[in-house]
Structures are given as structure tokens and as C-alpha cells.
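Let me begin by presenting the structure, written as C-alpha cells, before commenting on it.
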Amino acid sequence: MNKIINIEKNCMGTLDINAKFKGMRKDQNFTVYPISEGASVEKIKIQSDTRIGYINLENGIVSLCKPVQSGAYNPHLMFVKDVDILNKSELAGLKFRLIQTADKNAGDNFIHMTTDNLGADQISIF
């Protein structure tokens, strides 16, 4: 069973991922944080309305905090635990889509806000 249901580029120029990981009742929409130039690409930070965590791009391990009713934010990263692991094809697909978003001025929205997502260019598919 696939854990990642859908991947789309968002107005910030990064990705939105619909996914259902172990322990989740239903799928949620996670936003991928931008990866600035020179940043580590070992893992990416993801955030939904109630959870925040990481996806390790080297081994596919998904680490999330428990659901937080009022919203999960950076302080909740202290409480992340490994909850799932992506299979090789899901991980390769995610990396491929991340590389496509690499841009110093990513984003296409009505307020002309751009995001530095150039670090996504350093991701290796292999």
C-alpha cells in the first residue's frame, strides 16, 4: 500500500504531499519546507495542520510528532518519533519531484513572494 497518495507543487514553489503514514486515521496534506542553497539534503521537513516532522531522503524513514489539535510547530520537533518508512519507488518519486522544484526564486503566487529552494538541486536520486 502506498503511503504517499499525491504530490503537487504549491504556490511557494515547494511541494504539497498527501500522505497517510502508520498511526494516522486518514491522509493529511503536508507542506515541504524549502531547502535553501547549501543546506543539508539528508532529510526534509514536512508539516500538516496537526503534525510536523521529517522524511529522511537517504533511507525513507518518516519521523513525526503526535497529532497536536491546535497545530504542530517547530518546538514539537523535539518529540518526533520514527513512524513509517517509504518504499524505494515512493522515495525515488519524491526525490524526483523535489529536484524539479529547485530554484533560487521558487514560487508563483499573487503576492509575488518567492522562496529559496535551490538546495533541492543537491538531492541525489541514486
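Each value in this text was obtained by applying a stated rule to the coordinates, not by laboratory testing. Values in this document were obtained by computation on a predicted structure and should not be read as measured data. Neighbour counts run over all protein chains shown; Cβ positions are idealised from the backbone, glycine included.
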Sparse-neighbour loop sites [GluC sites (Glu not before Pro); segment 1-71; at most 16 other C-beta within 10 Å; DSSP]: 37, 42, 58
Cβ-based net charge around residue 63, under 11 Å, with every Lys or Arg adding one and every Asp or Glu removing one: +2
The chain, dipole about Cα centre (Lys/Arg Cβ +1, Asp/Glu Cβ -1), debye to the nearest 20: 540 debye
Lys/Arg +1, Asp/Glu -1 at C-beta; the chain dipole; positive extreme among 125, 107, 87: 87
5 angstrom amide H check on residue 52, placed H, neighbours 5+ away: 65
Residues of type lysines that residue 3 reaches as a straight line, Cα spacing below 28 Å, ignoring anything fewer than 8 places off in the same chain: 20, 22, 26, 43, 45, 66, 81, 88, 95
Amide H contacts under 5 Å for residue 86, placed H, 5+ residues apart: 61, 62
For segment 1-123, with +1 on Lys and Arg beta carbons and -1 on Asp and Glu, the positive-most of 13, 98, 77 along the dipole: 77
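So for segment 4-120, averaging the separation of alpha carbon pairs under 8 Å that are six or more residues apart and normalising by length, what relative contact order in percent results?
Reported relative contact order: 27 percent.
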Equivalent ellipsoid, segment 4-120 (semi-axes from 5 times Cα gyration tensor eigenvalues, Å): 22, 16, 14
Charge tally in the Cβ shell below 10 Å around residue 28, where Lys, Arg are +1 and Asp, Glu are -1, residue 28 excluded: +2
Segment 63-113: trypsin sites (Lys or Arg not before Pro) in DSSP loop, at most 16 other beta carbons within 10 Å: 104
